[in-house]
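Reviewing the structure listed below.
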Amino acid sequence: MLYALQVPVAASLLLALAAPLVARWCPPRAAALVLAACAAGCAATTAVVLALHAAVLLGRLGPVAALLGYDPARFADHVPVPPQASLLAVGVLGAGLVRGGVLLRRRARALRAADALCSRLGGRAGGVVVVEGGAEAFALPRRGGRVVVSRALLEALSVPEREALLAHERAHLGAHHDLVRALAAWSTALDPLLVGVPSAVRYATERWADEAAVVAVGGDRPLVARAVARAGLVRAGSPDDRGAWAAVALAGGGGDVVRRVRALLGSAPRGGRPLAVAGALCLAALLVVGGHAVEDVAEVVEHVRSGGQDAEPGLAAAHLVRGAGDRVLSELVPGRAP
C-alpha cells in the first residue's frame, strides 16, 4: 500500500522536471498532447490516493465501521499509514479543491468576458476581426472562434508574413489548444507538484501552431520565423491592456519568441510516435497504481471484517462495495437480510 501511495508523488515530480525538455525537444503536437494527458493522469491518481487517505481516516470512525461491519480499533492496527500523514493528505486534497474552485471562477469570468468581446467585435465564426487599438494578435475560442489582430500589427508585416501569422492563429482554433491548456491548468490546480507543466504545454501549443502555419504557407519555415519574430518585436513595444478575457485567449509572445524562431529556422520535427507510446505507458502505469492503491485499502478492510481471512485477490473492492450496499439496503428495506 505504501508504495502505491508514493508513486503518484514521484510521477508528478518527474513530469514537472521533464516537461520543459519534452516541450523543447520533442515534436510539438505530440509534446502538448502527451504532457497534458500525463498531467491529468498524475492529478487524477494523486486525487485518488489523497481520497484514500481520507477514507482511511473515516474508516477509523465508529459509524463507518458499523456500516461496513468491522472493529474500528482493529482496522487502525492494520493500517500502515499514521493518522498525521492522512490528515496532511486530506489538507492537501482540500487545498487542491479550493484551487480548483478559484480556477473555475476565474475561467468562468474570463469566458463571460470573451463572449462579450466576441459580441462587441462581431464578425463571422472562425473569421478575422481587425481592431484599431494595440499591437496584438490572438485567437479567441468563443462563439465559434475569432482571430483578432490589430491594424498596427498587420501594417508592420508583409503580406506573406500576415498570411503566416493568421495561419498560426487559425491553427490555435482548429486544434482546440484552449482545451489542451485548460487540462494542464486544471491538473496543476489539483496537483501543485506539476508546477511548470502549464507553461511547457503553452510553449508546445505555440510551436504546434507554428508548424501548422509552415504547412499552410507551403513549407516556408524562414517566412514563419520572420512573422513570429517581427510580431514579437511589435508586441514588445505595445502596452498590455488586455481584459479578463486574456485568460482564455491564445496569444504568443514573451520569452518564447526566441526559442520558437530558432526552432523554425531548424529542421522540421519528426514523428511523435515514440513520445505517444511513452505517454500511453505512463498513463497505463498510473492507472495500475491507482487501482492497486484502492484494492490495497479494500483488502485491509476485508481482512478486518473477515476476522483475519484474506479476500480473493483483485476482488476486495468489489466485495466491500457489495457488502456496504447490502447493509444500506437492509436499513432502508425492512425485513431484508444483509
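The values are calculated or read from the model by the stated rules, or taken from the named source; none is laboratory data. From a predicted model like this one, the values you see are computed outputs, not experimental measurements. Methodologically, a virtual Cβ is constructed for each residue, glycine included, from the backbone with ideal geometry; neighbour enumeration extends over all protein chains shown.
Laid out as a table, the results:
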quantity: Residue in the stretch 120-140 that is farther than 29 Å from residue 226 by Cα and surrounded by fewer than 16 Cβ atoms within 10 Å (Cβ to Cβ) present; calculated: yes
quantity: All positions within the stretch 167-221 that are surrounded by 21 or more Cβ atoms within 10 Å (Cβ to Cβ) and among the hydroxyl-bearing types (Ser, Thr, Tyr); calculated: 187, 188, 203, 205
quantity: Residue 155 vs. criteria among the charged types (D, E, K, R), within 31 Å of the chain's Cα centre (by Cα) and modelled with pLDDT of 80 or more; calculated: no
quantity: Residue 8 vs. criteria in contact with a Phe, Trp or Tyr (Cβ under 9 Å, 6 or more places away or on another chain) and either touching a residue at least 60 places away in the same chain (Cβ under 8 Å) or of a type outside the set (Lys, Arg) (or both); calculated: no
quantity: Residues located in the stretch 155-166, provided they are surrounded by fewer than 21 Cβ atoms within 10 Å (Cβ to Cβ) and of a type outside the set (D, E, K, R); calculated: 156, 157, 158, 159, 160, 166
quantity: Meets criteria (over 30 Å from residue 142 (Cα atoms) and modelled with pLDDT of 85 or more) for residue 92; calculated: yes
quantity: Top-ranked residue of the stretch 128-152 - restricted to ones that are under 16 Å from residue 248 (Cα atoms) and assigned to a loop (DSSP other than H, G, I, E, B), ranked as modelled with the highest pLDDT; calculated: 141
quantity: Of residues in the stretch 48-66 being crowded, with 20+ Cβ neighbours inside 10 Å and of a type in the set (Gly, Ala, Ser), the one nearest to residue 89 (Cα to Cα); calculated: 59
quantity: Every residue from the stretch 209-235 that is within 19 Å of residue 31 (Cα to Cα) and either in contact with a Leu (Cβ under 9 Å, 6 or more places away or on another chain) or among the β-branched types (Val, Ile, Thr) (or both); calculated: 209, 210, 211, 213, 214, 215
quantity: Close pairs (8 angstrom Cβ cut-off, 6 or more residues apart or separate chains): farther than 16 Å from residue 139 by Cα in the stretch 194-218, of a type in the set (D, E, K, R) and assigned to a loop (DSSP other than H, G, I, E, B) anywhere; calculated: 214/220
quantity: First in the stretch 116-127 and modelled with pLDDT of 75 or more, second anywhere and aromatic (Phe, Trp, Tyr), Cβ under 6 Å, 6 or more apart; calculated: 117/245
